[in-house]
Ligand SMILES: Cc1ncc(COP(=O)(O)O)c(C=O)c1O
């Protein structure tokens, strides 16, 4: 076989294996079997001294690792808010991997730069953000928070006459940072990486759904960044943007919104009101690898005014071409990177507005059904299930933990645990295009079975 034949047959082999894997996810247990995880020990061997046949390498990968994966791409994985990848995005990802474009500069990779332009415009439109919003395609919401907050840091200090990229933070005017007490840890990590500190923030108390309490917002003055949240990772709650954003703006603060998954509520007419008012903010972080259901790693840092984002992320060097149009690398921390816009484009091209709205709406309907089914069985739903998150207590903390372990071991579905405002709970996150009504009913049945097994009946309250 010549080199092209070898490549062709390897890709065919990969496609055959990948589709068999995805087909099997519908029926296999969601968590990997403990024996499969044990067999991973076979990976741990010395660096091979000689080359191997690539098809044998692929076969080994499939044989050893496929059975040891968590079925996150399947229809009944409800742990974390992460979703599965739409088939069109998996296929587009394969094609884009073959292109192997280093998508830093437009002059060099015009095709993927053009896809990013369109994908960015479509995302901004689908989320109802201000037309012309600038953005960078990053690895995920953690880096999207970092990127957008770097723009916020630039703008807050520029207004005080300080060029933070040139001079750093030593001797700079202080920036006050305000966060909700339930801000996602990725926001705190981003603040730490930016030299803004995770412990010096002003933490504003929240209500029982994790929403920032407007009556507890302190008086703001001087360079200030206010970090709000669209979609609490436990409850799905949204900060009251319509009240908070204007107040922050009156004080001259920059408002950033972490909307890793919650921002997508705006794409579904029936849910958009939950997130209303956030369009007036200055920056937003979101994930495409969550509710848009594209493969990892895919997040978006979105900033109303592109200038502070470019000031924070731009890079120049004599060997890098300078264009007059948008250069992707001017908007992201990375220089070399894969063409993340490809799958975002493919998802939106395939779903259209109505398909996206239906995906979001369906997940929310499924979360509601879980909550109703478990409440009817006598268990305590701890959150208002307005979005795609359910928080359930099966009784005493130890009992709830046991039920979660039993559900995971049963394999019909997979949910994780959390402690929400002192209550031990199971999290149910519905986020995948692949989940059907039947998957929800099967999973509900498995949850009731696990909760009922070995117990005389449900006990209430954690
Ligand atoms: C509200 C929120 N922000 C940020 C993140 C971090 O996202 P990523 O894991 O894509 O970096 C998450 C992840 O679940 C989240 O729920």
Relative to the present Cα-Cα distance, how much length would full extension add between residue 409 and residue 26 at 0.36 nm per residue of separation? 136.2 nm
Cα-based Rg / Dmax (Å) for the stretch 1-155: 20.1, 58
Hey, what number do you get for the chain at 222 nm if only DSSP H runs of n ≥ 4 count, each worth -39500 (n - 2.57), divided across all residues, to the nearest 500? -13000 deg cm²/dmol
If the convex hull is drawn through the Cα atoms of the stretch 92-347, its volume per residue in Å³: 118 Å³
Relative contact order of the stretch 92-347 (C-alpha contacts under 8 Å, at least 6 apart) in percent is 31 percent
Quick one: check the C-alpha center-to-center distance for the stretch 93-142 versus the stretch 356-380, whole angstrom. 33 Å
For the stretch 198-324, just say rounded, prolate or oblate: build the C-alpha gyration tensor, square-root its eigenvalues into a ≥ b ≥ c, call rounded for a/c under 1.5, and beyond that prolate if a/b exceeds b/c, oblate if not. oblate
Relative contact order in percent for the stretch 357-407 (Cα pairs under 8 Å, 6+ apart) equals 30 percent
What is the Å³ per residue value for the convex hull set by the Cα atoms of the chain? 171 Å³
How large are Rg and Dmax for the stretch 315-451 when calculated on the C-alpha trace, in angstrom? 21.1, 67
So how much slack lies between residue 249 and residue 49, counting 0.36 nm per residue of separation and subtracting their Cα-Cα distance, in nm? 65.8 nm
Would you mind telling me the antiparallel percentage of the DSSP bridges in the stretch 92-347, rounded to 5? 45 percent
If packing is taken as the average count of other Cβ atoms within 10 Å, what order do 46-55, 20-29, 268-277 fall into, highest mean first? 268-277, 20-29, 46-55
How high is the relative contact order of the chain, given as a whole-number percent (alpha carbon pairs under 8 Å, six or more residues apart)? 21 percent
Need the full-extension length gain, residue 189 to residue 436, defined as separation in residues times 0.36 nm minus the C-alpha distance. One decimal, nm. 85.4 nm
Could you give the nm distance between label points at residue 325 and residue 453, where each point is 7 Å from its Cα heading toward the beta carbon? 5.7 nm
In what sequence, highest mean first, do 70-81, 393-404, 283-294 appear when ranked by Cβ atoms within 10 angstrom? 283-294, 70-81, 393-404
Write down the percent of antiparallel bridges among all DSSP beta bridges whose residues are both part of the stretch 111-237, to the nearest 5. 10 percent
Of the DSSP beta bridges with both residues in the chain, give the percent that are antiparallel, rounding to the nearest 5. 60 percent
What spacing in nm lies between the two simple spin-label points modelled at residue 3 and residue 16, each 7 Å away from Cα in the Cβ direction? 2.5 nm
Roughly what would the spin-label model give for residue 199 and residue 40, points 7 Å off Cα along C-beta, in nm? 3.4 nm
Sorted by average packing, counted as other Cβ atoms within 10 angstrom per residue and highest first, what order do 120-128, 57-65, 210-218, 141-149 take? 141-149, 120-128, 210-218, 57-65
Fewest to most neighbouring Cβ within 10 Å: what's the order for 254, 420, 99, 345? 99, 420, 345, 254
Any idea how far the Cα center of the stretch 227-269 sits from the one of the stretch 50-74, in Å? 41 Å
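Every read-out reported here was derived from the displayed coordinates using simple, explicitly stated rules and does not represent laboratory data. Fair warning: this is a prediction, and the values are worked out from it, not measured in the lab. Note that each Cβ is placed from the backbone with ideal geometry, even for glycine, and that neighbours are counted across all protein chains shown.
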